[in-house]
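Trainee: Here it is, the structure in full.
Every number in this text was worked out from the coordinates using simple rules, so none of it is lab data. Here the structure is a predicted model, which means the values were calculated and not measured. Glycine also receives a Cβ, built like all others from the backbone with ideal geometry; neighbour counts cover every protein chain displayed.
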Amino acid sequence: MPRAASRATAVATACAAAVGLTLAMAATSPAAAQPDRAATTAHDTPAVRTAPTAEPTPDSRWTAAEIHRFLVGFYGKHGPSPWQREHQVAPDLKERAAITPDYDLLLCAQNTPQNISIGKVTTAQSAGVGWATATTHWGANDKRHFTAYVDLDAQKPLKLLDVSCQL
């Protein structure tokens, strides 16, 4: 009978080792080590990607929800900060804004608004651009509208590409 006990013990030990090895390998795999960039937050909203992923797919695009959050954060209540103007605006738009010193091209205004709201984002996958209407609030019923454009290419950080002022 000692032989049967030792065989049973050997089989049990081998099974336990195999299960332990499988769990250890799963815990150290690259997929387990990297957080899911598309994971949801505690409020069940998708996490906003602010920089390119390590290996983006060739047709990776920013979503309308991500663009909306970017524009809301970019414009805030009174307009973009100096840091945002420097780092979150496309170079050619920065150049155009620089040649209009008495007019804030990013806000399509001469002064600072009391509030800014961002409308629904539309995306044109074929054009690679997303846009939304931004509304600047100046007083009781005084509102102005302009369109803000953002590149959809998720291989690049979100940046304001262009604005279309409606005069």
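Trainee: Can you list residues whose amide H is under 5 Å from D162's amide H, if they're 5+ apart or on another chain and H is modeled 1.01 Å from N?
Mentor: Y149
Trainee: How many nm separate the modelled label positions at K94 and Q125, each set 7 Å beyond the Cα in the direction of the Cβ?
Mentor: It works out to 3.2 nm between the two label points.
Trainee: Between H87 and Q155, what length in nm is gained on full extension when 0.36 nm per residue of separation is reduced by their alpha carbon distance?
Mentor: 22.9 nm
Trainee: Here is a further query. Can you compute the modelled spin-label distance between T135 and H78, with each label point 7 Å from Cα toward Cβ, in nm?
Mentor: Rounded to a tenth, the inter-label distance reads 2.2 nm.
Trainee: What distance in nm separates the two pseudo spin-label positions at Q166 and N115, each 7 Å out from Cα along the beta-carbon direction?
Mentor: For the pair Q166/N115, the computed spacing is 1.9 nm.
Trainee: Starting from region 97-167, pick out the chymotrypsin sites (Phe, Trp or Tyr not before Pro) whose DSSP state is loop and whose Cβ has at most 15 other Cβ atoms within 10 Å.
Mentor: Y103, W138
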